[in-house]
Amino acid sequence: MNISVIVPLYNEAESLPKLCDWISKVMEENSFSYEVIFVNDGSTDNSWQVIEDLRAKYADKNENNPVRGICFRRNYGKSAALYCGFQAAKGDVVITMDADLQDSPDEIPELYRMITEDGFDLVSGWKKKRFDNKFTKNLPSKLFNATARKVTGIQLHDMNCGLKAYRSEVVKNIEVFSEMHRYIPYLAKNAGFTNIGEKVVQHRKREFGVSKFGLSRFVNGYLDLLTLWFLNKFGKQPMHFFGLIGSLMFLLGFVAIIVVGAMKLYALSHGQHAMLVANNPYFHLSILAMVLGCMLFLAGFLGEMISRNSQSRNDYLISKTI
């Protein structure tokens, strides 16, 4: 099979028939063998009924029904929907797009060509000209993407664009969890798929319904970015982070306590008045630094023990064997 199109959705019943027909038209014009996997993320409208109707409709048109569906019992989020869609996909190239008709299926042939002919592992869309609100979406999105480029080292203008193309091997070897769908290119890079490209794509105005994402996604996005950065850098060796900082903090506190004690002895030896060591604020700060240093060191030690006993401690991606 050439292409698997994965469409995560939540309360998008009105747009699904038009989207499915549009995808089918593009595939038939380009003679692609394909499947469309709708992942219903616990919708409260009749989205699942629409998906069942579409499957029945295309069963009459094609011997191999291209319409498939996955239905969650409740809303788990876009990451969970993409993860299940990736596991179910059978195509050599996997395309993801949103269900709100803001992504154009006409982009699929060129995305497919960039994967199969240009050799990219992943191609991310870039909605260079957007029709969203400038102050609530466009400006925060630019700031978010600038930060993501700096932290991840991946030079994409729109890392969170829903329209992406992947080599099948990529989606089978990454785990999308929590709200990490924003950083799938970073997950792919960490898994060893570094040939990541970008394509300017058309951004269309929403025809039905309302956006399911608010401003809180930008706050959560930064926290998720920090999580991924830390896990990638220190996930296998937490002692390298906590142990180093803890040791330095303990050493700083220990030296400070020696200095406080030396100052007390110096004053006494010269007949000068000196406050009690216990009344000296620097003494308490030194003790605090030593205690925090010990706690951080122990946190690293416990993290190391957990990592050593994890079932995934020796999970490595092997590209080829002979």
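A few points about this structure:
- Subset tally (residues that are touching an Asp or Glu at 6+ places or on another chain (Cβ under 7 Å) and among the small types (Gly, Ala, Ser)) for segment 86-114: 2
- Within the span defined as segment 102-113, every residue fails to be open to solvent by 10 Å² or more (accessible area, probe 1.4 Å), of a type in the set (Lys, Arg), out of contact with any Lys or Arg (no Cβ under 8 Å at 6 or more places or on another chain) and modelled with pLDDT under 95.
- Candidates in segment 188-217 are the residues that are assigned to a helix (DSSP H, G or I) and at pLDDT 90 or above; of these, the one that is surrounded by the most Cβ atoms within 10 Å (Cβ to Cβ) is Ala188.
- Residue match in segment 252-260 (condition: more than 30 Å from His181 (Cα to Cα), modelled with pLDDT of 80 or more, part of a loop (DSSP other than H, G, I, E, B) and more than 23 Å from the chain's Cα centre (by Cα)): no
- Condition met for Tyr166 (surrounded by 21 or more Cβ atoms within 10 Å (Cβ to Cβ), aromatic (Phe, Trp, Tyr) and free of Cβ contacts under 8 Å to residues at least 60 places away in the same chain): no
- Extreme residue, farthest from Ser4 (Cα to Cα), among residues of segment 21-67 that are in contact (Cβ under 8 Å) with a residue 60 or more places away in the chain and part of a loop (DSSP other than H, G, I, E, B): Asn30
- Test: residue in segment 26-37 that is of a type in the set (D, E, K, R), at pLDDT 95 or above, in contact with a Gly (Cβ under 9 Å, 6 or more places away or on another chain) and buried (at least 18 other Cβ atoms within 10 Å of the Cβ): yes
- Selection count, segment 126-170, where residues are hydrophobic (A, V, I, L, M, F, W, C), modelled with pLDDT of 90 or more and more than 19 Å from Pro105 (Cβ to Cβ): 3
- Criterion: closer than 18 Å to Phe38 by Cβ, surrounded by fewer than 24 Cβ atoms within 10 Å (Cβ to Cβ) and of a type outside the set (Ser, Thr, Tyr) - qualifying residue of Ala89, Ala80: Ala80
The values are calculated or read from the model by the stated rules, or taken from the named source; none is laboratory data. Remember, it's a predicted structure, so these values are computed and weren't measured experimentally. Cβ atoms come from the backbone with ideal geometry, glycine included; neighbour counts cover every protein chain shown. In case anyone asks, the SASA skips ligands and DNA or RNA and just uses the protein heavy atoms, side chains included. Shrake-Rupley method; radii C 1.70, N 1.55, O 1.52, S 1.80 Å.
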